Amino acid sequence: FARTDIAAHLGVERVFRQAFEARALYIRLGTPYHLAPGASLIPTLNFENYFGVVGRTPLGTPPPELATLCAGPCRLVFPQLELTLDGRDDPRSPTRGHLLLASVQYAVPVAGSRFHHLRVLPELRGYMPVGESLVLAGRARLGALFTLGAGRESPLVQRFYGGEPPVPFSVKSE
């Protein structure tokens, strides 16, 4: 590996999503590996704690089952692997090229976490100049969340949402 760093991140955040809101405290420890120019692999160990999780919808009262999916302190512990392949001409203001991002999380029921799941999230962005001062940009993102073990629920804060009102997208697998 060309260059290796050690990264630690501590954060406090007020989270507002389409299906819920909460307060979050998180710690991330990782060692980014810079494989080549524009290519990196980042394994991290993540500890996330969500407080005051409230389900919400833009059009009214959330379904009652949303409130129970992260009741009390909602803890998540998971190793994560992120891959980045950056083929853009400029990372801040790209006019051509591509960016591939992919992450895999494996949540484990340890240290107060009751969740056990696998979450996969690939993303592809593309940039193409159209004329002298116009750039055509596109983004495709797809995700999957697989719960593991009998009777396990996926945490509200890790689910994917879309549509109006929120429609959870998740797959149960045992």
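The values are calculated or read from the model by the stated rules, or taken from the named source; none is laboratory data. All values reported here derive from a predicted model rather than from experimental measurement. Neighbour counts are summed over all protein chains in view; Cβ atoms, including those assigned to glycine, are modelled from backbone coordinates with ideal geometry. Accessible surface is based on the protein model in full, side chains and every heavy atom, while ligands, DNA and RNA are left aside. Shrake-Rupley method; radii C 1.70, N 1.55, O 1.52, S 1.80 Å.
Would you be able to say whether some residue in region 72-95 is among the aliphatic types (A, V, I, L, M), open to solvent by less than 30 Å² (accessible area, probe 1.4 Å) and more than 22 Å from F51 (Cα to Cα)? Within region 72-95, none of the residues are among the aliphatic types (A, V, I, L, M), open to solvent by less than 30 Å² (accessible area, probe 1.4 Å) and more than 22 Å from F51 (Cα to Cα). For region 36-53, the tally of residues that are modelled with pLDDT under 90 and farther than 18 Å from V104 by Cα stands at 5. Beta carbons closer than 9 Å, at least 6 apart along the sequence or on distinct chains, pair a first residue in region 79-93 that is within 23 Å of A8 (Cβ to Cβ) with a second that is assigned to a strand (DSSP E or B) and aromatic (F, W, Y) for P79/Y106; Q80/Y106; L81/Y106.
Within the option set S133, S154, S170, being open to solvent by 50 Å² or more (accessible area, probe 1.4 Å), among the hydroxyl-bearing types (S, T, Y), at pLDDT below 90 and in contact with a Ser or Thr (Cβ under 6 Å, 6 or more places away or on another chain) holds for one residue only, S170.
Of the numbered conditions (1) at pLDDT below 90; (2) surrounded by fewer than 17 Cβ atoms within 10 Å (Cβ to Cβ); (3) not in a loop (DSSP other than H, G, I, E, B), F1 satisfies every one except a single condition; which is it? Only one criterion in (1) at pLDDT below 90; (2) surrounded by fewer than 17 Cβ atoms within 10 Å (Cβ to Cβ); (3) not in a loop (DSSP other than H, G, I, E, B) is unmet by F1, namely (3).
Kindly indicate the residue of region 7-42 that is aromatic (F, W, Y) and farther than 14 Å from T84 by Cβ and also most open to solvent (accessible area, probe 1.4 Å) among those meeting that condition. Among residues in region 7-42 that are aromatic (F, W, Y) and farther than 14 Å from T84 by Cβ, the one most open to solvent (accessible area, probe 1.4 Å) is F16.
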